[in-house]
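Read through the structure below, which is laid out as C-alpha coordinates, and then see the notes.
The values are calculated or read from the model by the stated rules, or taken from the named source; none is laboratory data. Because the structure is predicted, anything quoted here is derived from the model rather than measured. Glycine gets a Cβ as well: all are built from the backbone with ideal geometry, and neighbour counts include every protein chain shown. The protein model used for the area step is the full one, side chains on, heavy atoms only, and it has no ligands, DNA or RNA in it. Shrake-Rupley method; radii C 1.70, N 1.55, O 1.52, S 1.80 Å.
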Amino acid sequence: MSEIAVLRQMVRGSDNIVFFGGAGVSTESGIPDFRSSDGVFKLLGGISPEKALSRSHFDENPQAFFNFYRKTMVFPNAKPNMAHDKLAELEQAGKVRAVITQNIDGLHQKAGSRTVIELHGSAERNYCMDCERKYPMAFVLDSDGIPRCVCGGIVRPDIVMYEEPLDHRTKRLAYNFIDEADMLIVAGSSLVVYPAAGFVRDFHGRYLVLINRSDTPYDGKANLVIRGSVGEVLNLL
Ligand code: NAD
Ligand code: ZN
(Lines give C-alpha, C1' and ligand atoms only; values in the text may rest on other atoms or scores of the structure.)
(Ligands and ions follow the chains in the order given, each with its own letter.)
Protein backbone atom coordinates (compact mmCIF):
# COMPACT_ATOMS: atom_id res chain seq x y z
CA MET A 1 0.00 0.00 0.00
CA SER A 2 1.29 3.47 -0.79
CA GLU A 3 2.13 5.84 2.04
CA ILE A 4 -0.77 8.08 1.07
CA ALA A 5 -3.16 5.14 1.16
CA VAL A 6 -1.92 4.28 4.67
CA LEU A 7 -2.35 7.88 5.75
CA ARG A 8 -5.86 7.94 4.28
CA GLN A 9 -6.76 4.80 6.18
CA MET A 10 -5.43 6.21 9.46
CA VAL A 11 -7.41 9.42 8.97
CA ARG A 12 -10.53 7.41 8.20
CA GLY A 13 -10.09 5.49 11.45
CA SER A 14 -9.56 8.56 13.66
CA ASP A 15 -11.82 11.30 14.88
CA ASN A 16 -9.43 12.91 17.30
CA ILE A 17 -6.54 14.08 15.18
CA VAL A 18 -4.16 16.77 16.36
CA PHE A 19 -1.87 18.47 13.88
CA PHE A 20 1.39 19.96 15.04
CA GLY A 21 3.22 22.12 12.52
CA GLY A 22 6.39 24.15 12.18
CA ALA A 23 7.73 26.69 9.73
CA GLY A 24 7.65 24.10 6.91
CA VAL A 25 3.84 24.31 6.85
CA SER A 26 4.09 27.85 5.47
CA THR A 27 6.99 27.53 3.00
CA GLU A 28 4.48 26.60 0.28
CA SER A 29 2.91 30.01 0.97
CA GLY A 30 6.24 31.66 0.22
CA ILE A 31 7.35 32.22 3.84
CA PRO A 32 10.90 30.97 4.38
CA ASP A 33 11.59 28.58 7.26
CA PHE A 34 14.76 28.82 9.32
CA ARG A 35 16.78 25.76 8.53
CA SER A 36 16.13 24.77 4.89
CA SER A 37 18.72 25.59 2.22
CA ASP A 38 16.69 28.64 1.18
CA GLY A 39 15.68 29.43 4.76
CA VAL A 40 16.26 32.61 6.72
CA PHE A 41 19.61 31.44 8.07
CA LYS A 42 21.05 31.27 4.54
CA LEU A 43 19.26 34.40 3.32
CA LEU A 44 21.01 36.41 5.99
CA GLY A 45 24.44 35.11 5.18
CA GLY A 46 24.73 32.94 8.23
CA ILE A 47 23.37 35.27 10.91
CA SER A 48 21.50 33.04 13.30
CA PRO A 49 17.78 33.82 13.47
CA GLU A 50 17.81 32.56 17.06
CA LYS A 51 20.18 35.36 17.95
CA ALA A 52 18.58 38.05 15.81
CA LEU A 53 15.14 37.22 17.25
CA SER A 54 16.23 36.89 20.85
CA ARG A 55 15.02 38.99 23.73
CA SER A 56 18.53 40.11 24.58
CA HIS A 57 19.06 41.34 21.02
CA PHE A 58 15.72 43.14 21.18
CA ASP A 59 16.73 44.84 24.43
CA GLU A 60 20.22 45.74 23.23
CA ASN A 61 19.35 46.92 19.75
CA PRO A 62 15.60 47.20 19.08
CA GLN A 63 16.19 49.00 15.80
CA ALA A 64 18.22 46.08 14.42
CA PHE A 65 15.67 43.63 15.81
CA PHE A 66 12.81 45.36 13.97
CA ASN A 67 14.79 45.60 10.72
CA PHE A 68 15.40 41.87 10.85
CA TYR A 69 11.87 41.07 11.97
CA ARG A 70 10.21 43.08 9.18
CA LYS A 71 12.49 41.55 6.56
CA THR A 72 12.25 37.90 7.56
CA MET A 73 9.17 37.28 9.69
CA VAL A 74 6.24 39.34 8.41
CA PHE A 75 4.53 38.47 5.14
CA PRO A 76 1.25 40.38 4.92
CA ASN A 77 0.50 39.11 1.40
CA ALA A 78 1.03 35.41 2.09
CA LYS A 79 -2.01 33.20 1.45
CA PRO A 80 -2.91 29.88 3.03
CA ASN A 81 -1.69 26.89 1.02
CA MET A 82 -3.12 23.40 0.51
CA ALA A 83 -1.96 22.29 3.97
CA HIS A 84 -3.83 25.08 5.75
CA ASP A 85 -6.92 24.53 3.58
CA LYS A 86 -7.04 20.77 4.10
CA LEU A 87 -6.66 21.10 7.87
CA ALA A 88 -9.57 23.55 8.02
CA GLU A 89 -11.63 21.09 5.98
CA LEU A 90 -10.71 18.18 8.27
CA GLU A 91 -11.72 20.22 11.30
CA GLN A 92 -15.09 20.96 9.69
CA ALA A 93 -15.48 17.26 9.04
CA GLY A 94 -14.97 16.52 12.75
CA LYS A 95 -11.61 14.82 12.24
CA VAL A 96 -9.08 17.40 13.39
CA ARG A 97 -9.60 18.64 16.96
CA ALA A 98 -6.79 21.17 17.09
CA VAL A 99 -3.96 22.66 15.12
CA ILE A 100 -0.93 23.47 17.22
CA THR A 101 1.52 25.71 15.43
CA GLN A 102 4.93 27.23 15.98
CA ASN A 103 4.19 29.75 13.25
CA ILE A 104 3.29 33.34 13.85
CA ASP A 105 1.75 34.02 10.44
CA GLY A 106 -1.96 33.49 11.20
CA LEU A 107 -2.48 31.43 8.04
CA HIS A 108 -4.43 28.61 9.73
CA GLN A 109 -7.08 31.08 10.87
CA LYS A 110 -7.11 32.68 7.41
CA ALA A 111 -7.86 29.25 5.95
CA GLY A 112 -10.77 28.81 8.36
CA SER A 113 -9.36 26.66 11.17
CA ARG A 114 -11.00 27.54 14.47
CA THR A 115 -9.07 25.72 17.15
CA VAL A 116 -5.55 26.98 16.57
CA ILE A 117 -3.00 27.04 19.36
CA GLU A 118 -0.26 29.50 18.56
CA LEU A 119 2.67 28.43 20.71
CA HIS A 120 4.82 31.32 19.59
CA GLY A 121 2.13 33.99 19.38
CA SER A 122 1.18 35.96 16.31
CA ALA A 123 2.60 38.77 14.20
CA GLU A 124 -0.97 39.95 13.73
CA ARG A 125 -1.10 41.13 17.35
CA ASN A 126 1.13 43.87 18.67
CA TYR A 127 1.08 45.86 21.88
CA CYS A 128 2.76 48.73 23.67
CA MET A 129 5.21 47.52 26.28
CA ASP A 130 4.32 50.45 28.55
CA CYS A 131 0.53 50.88 28.33
CA GLU A 132 -0.51 47.65 26.54
CA ARG A 133 -2.44 49.51 23.85
CA LYS A 134 -2.99 47.21 20.87
CA TYR A 135 -1.76 47.80 17.34
CA PRO A 136 -2.29 45.97 14.03
CA MET A 137 0.53 44.36 12.07
CA ALA A 138 0.44 47.17 9.49
CA PHE A 139 1.46 49.65 12.17
CA VAL A 140 4.68 47.77 12.88
CA LEU A 141 5.35 47.16 9.21
CA ASP A 142 4.80 50.76 8.16
CA SER A 143 6.68 52.49 10.95
CA ASP A 144 10.30 53.47 10.46
CA GLY A 145 12.83 52.07 12.86
CA ILE A 146 11.33 51.30 16.25
CA PRO A 147 7.50 51.37 16.29
CA ARG A 148 6.31 53.75 19.02
CA CYS A 149 2.99 53.99 20.80
CA VAL A 150 1.21 57.34 21.27
CA CYS A 151 2.52 57.14 24.86
CA GLY A 152 6.10 56.76 23.63
CA GLY A 153 6.49 53.08 24.58
CA ILE A 154 7.84 50.49 22.17
CA VAL A 155 5.19 48.54 20.26
CA ARG A 156 6.31 44.92 20.09
CA PRO A 157 4.82 41.90 18.36
CA ASP A 158 2.95 39.44 20.57
CA ILE A 159 5.37 36.67 19.69
CA VAL A 160 7.61 34.56 21.85
CA MET A 161 11.16 35.67 21.25
CA TYR A 162 14.05 33.32 21.86
CA GLU A 163 14.99 33.41 25.57
CA GLU A 164 11.37 34.21 26.50
CA PRO A 165 9.20 31.52 28.10
CA LEU A 166 6.18 30.08 26.35
CA ASP A 167 2.84 31.08 27.75
CA HIS A 168 2.05 28.51 30.41
CA ARG A 169 -1.66 28.15 29.61
CA THR A 170 -1.07 27.87 25.89
CA LYS A 171 1.49 25.13 26.43
CA ARG A 172 -0.82 23.25 28.78
CA LEU A 173 -3.70 23.49 26.33
CA ALA A 174 -1.48 22.01 23.62
CA TYR A 175 -0.39 19.17 25.91
CA ASN A 176 -4.02 18.41 26.80
CA PHE A 177 -5.02 18.10 23.16
CA ILE A 178 -2.05 15.85 22.46
CA ASP A 179 -2.74 13.77 25.52
CA GLU A 180 -6.27 13.00 24.31
CA ALA A 181 -5.49 12.58 20.60
CA ASP A 182 -5.59 9.22 18.89
CA MET A 183 -3.56 10.51 15.96
CA LEU A 184 -0.80 13.10 15.86
CA ILE A 185 0.39 14.49 12.54
CA VAL A 186 3.65 16.39 12.85
CA ALA A 187 4.73 18.33 9.79
CA GLY A 188 7.25 20.90 8.62
CA SER A 189 9.29 21.04 11.78
CA SER A 190 12.90 20.11 12.28
CA LEU A 191 11.77 19.09 15.80
CA VAL A 192 14.76 20.67 17.45
CA VAL A 193 12.92 23.65 18.94
CA TYR A 194 11.46 23.21 22.42
CA PRO A 195 8.74 22.08 23.14
CA ALA A 196 8.17 20.35 19.79
CA ALA A 197 10.20 17.32 20.73
CA GLY A 198 8.32 16.97 24.01
CA PHE A 199 5.00 16.79 22.18
CA VAL A 200 6.17 13.89 20.10
CA ARG A 201 7.64 12.10 23.10
CA ASP A 202 4.48 12.51 25.18
CA PHE A 203 2.01 11.39 22.55
CA HIS A 204 0.60 7.98 23.38
CA GLY A 205 -2.26 7.66 20.88
CA ARG A 206 -2.51 5.16 18.05
CA TYR A 207 -0.84 6.83 15.09
CA LEU A 208 2.13 9.13 14.96
CA VAL A 209 2.69 10.47 11.45
CA LEU A 210 5.64 12.64 10.41
CA ILE A 211 5.52 14.60 7.16
CA ASN A 212 8.72 16.47 6.44
CA ARG A 213 11.07 17.17 3.56
CA SER A 214 14.11 16.19 5.60
CA ASP A 215 14.91 13.71 8.37
CA THR A 216 13.95 14.46 11.94
CA PRO A 217 15.30 12.95 15.17
CA TYR A 218 11.90 11.25 15.70
CA ASP A 219 11.49 9.41 12.41
CA GLY A 220 12.21 6.11 14.17
CA LYS A 221 9.35 6.61 16.62
CA ALA A 222 6.67 7.25 13.99
CA ASN A 223 4.13 4.75 12.63
CA LEU A 224 4.37 6.48 9.27
CA VAL A 225 7.02 8.82 7.86
CA ILE A 226 6.29 10.64 4.62
CA ARG A 227 9.17 12.47 3.00
CA GLY A 228 7.50 15.24 1.04
CA SER A 229 5.90 18.64 1.02
CA VAL A 230 3.15 18.92 3.57
CA GLY A 231 0.72 20.82 1.32
CA GLU A 232 1.14 18.38 -1.55
CA VAL A 233 0.77 15.38 0.77
CA LEU A 234 -2.30 16.61 2.64
CA ASN A 235 -3.94 17.62 -0.60
CA LEU A 236 -3.95 13.97 -1.65
CA LEU A 237 -6.14 12.98 1.30
P1 NAD B 1 12.68 24.86 10.95
O2 NAD B 1 12.99 25.96 9.98
O3 NAD B 1 13.67 24.54 11.98
O4 NAD B 1 12.37 23.51 10.18
C5 NAD B 1 11.48 23.46 9.11
C6 NAD B 1 11.42 22.00 8.68
O7 NAD B 1 10.40 21.88 7.71
C8 NAD B 1 12.70 21.48 8.05
O9 NAD B 1 12.97 20.21 8.58
C10 NAD B 1 12.37 21.41 6.54
O11 NAD B 1 13.01 20.33 5.91
C12 NAD B 1 10.89 21.18 6.58
N13 NAD B 1 10.12 21.75 5.46
C14 NAD B 1 10.25 22.97 4.88
N15 NAD B 1 9.28 23.16 3.99
C16 NAD B 1 8.51 22.03 3.99
C17 NAD B 1 7.34 21.63 3.29
N18 NAD B 1 6.73 22.42 2.42
N19 NAD B 1 6.83 20.40 3.55
C20 NAD B 1 7.42 19.55 4.47
N21 NAD B 1 8.52 19.89 5.15
C22 NAD B 1 9.05 21.12 4.93
O23 NAD B 1 11.27 25.24 11.55
P24 NAD B 1 10.70 24.98 12.98
O25 NAD B 1 11.08 23.62 13.45
O26 NAD B 1 9.28 25.31 12.93
O27 NAD B 1 11.45 26.05 13.88
C28 NAD B 1 11.63 27.38 13.49
C29 NAD B 1 11.01 28.40 14.43
O30 NAD B 1 10.91 29.64 13.78
C31 NAD B 1 9.61 28.04 14.81
O32 NAD B 1 9.57 27.93 16.17
C33 NAD B 1 8.73 29.20 14.33
O34 NAD B 1 8.15 29.87 15.44
C35 NAD B 1 9.63 30.20 13.72
N36 NAD B 1 9.29 30.51 12.31
C37 NAD B 1 7.99 30.79 11.96
C38 NAD B 1 7.67 31.07 10.64
C39 NAD B 1 6.22 31.38 10.27
O40 NAD B 1 5.49 31.93 11.09
N41 NAD B 1 5.77 31.00 9.07
C42 NAD B 1 8.65 31.06 9.65
C43 NAD B 1 9.98 30.79 10.04
C44 NAD B 1 10.27 30.50 11.38
ZN1 ZN C 1 1.65 52.94 25.07
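Any residue at all in segment 23-31 that's of a type in the set (A, V, I, L, M) and at pLDDT below 90? No. Identification of helices (runs of 4 or more DSSP H) wholly contained in segment 51-125 with 1 or more residues that are closer than 29 Å to residue 145 by Cβ and open to solvent by less than 30 Å² (accessible area, probe 1.4 Å) yields 55-60, 62-72, 107-111. Got at least one residue in segment 202-209 being closer than 20 Å to residue 24 by Cβ and within 13 Å of ligand 1 (Cβ to nearest atom)? Scanning segment 202-209 turns up at least one residue that is closer than 20 Å to residue 24 by Cβ and within 13 Å of ligand 1 (Cβ to nearest atom). Listed by first and then second residue, the pairs linking a residue in segment 149-162 that is aromatic (Phe, Trp, Tyr) to a residue that is crowded, with 20+ Cβ neighbours inside 10 Å, with Cβ atoms under 7 Å apart and 6 or more places separating them unless they lie on different chains, are 162/53. For segment 196-237, the candidate set comprises residues that are part of a helix (DSSP H, G or I) and among the β-branched types (Val, Ile, Thr); within that set, the residue that is surrounded by the most Cβ atoms within 10 Å (Cβ to Cβ) is 230. When you look at residue 119, is it of a type in the set (A, V, I, L, M), within 14 Å of residue 25 (Cβ to Cβ) and either in contact with a Pro (Cβ under 8 Å, 6 or more places away or on another chain) or more than 16 Å from ligand 2 (Cβ to nearest atom) (or both), yes or no? Yes; evaluated as a whole, the condition is true for this residue.
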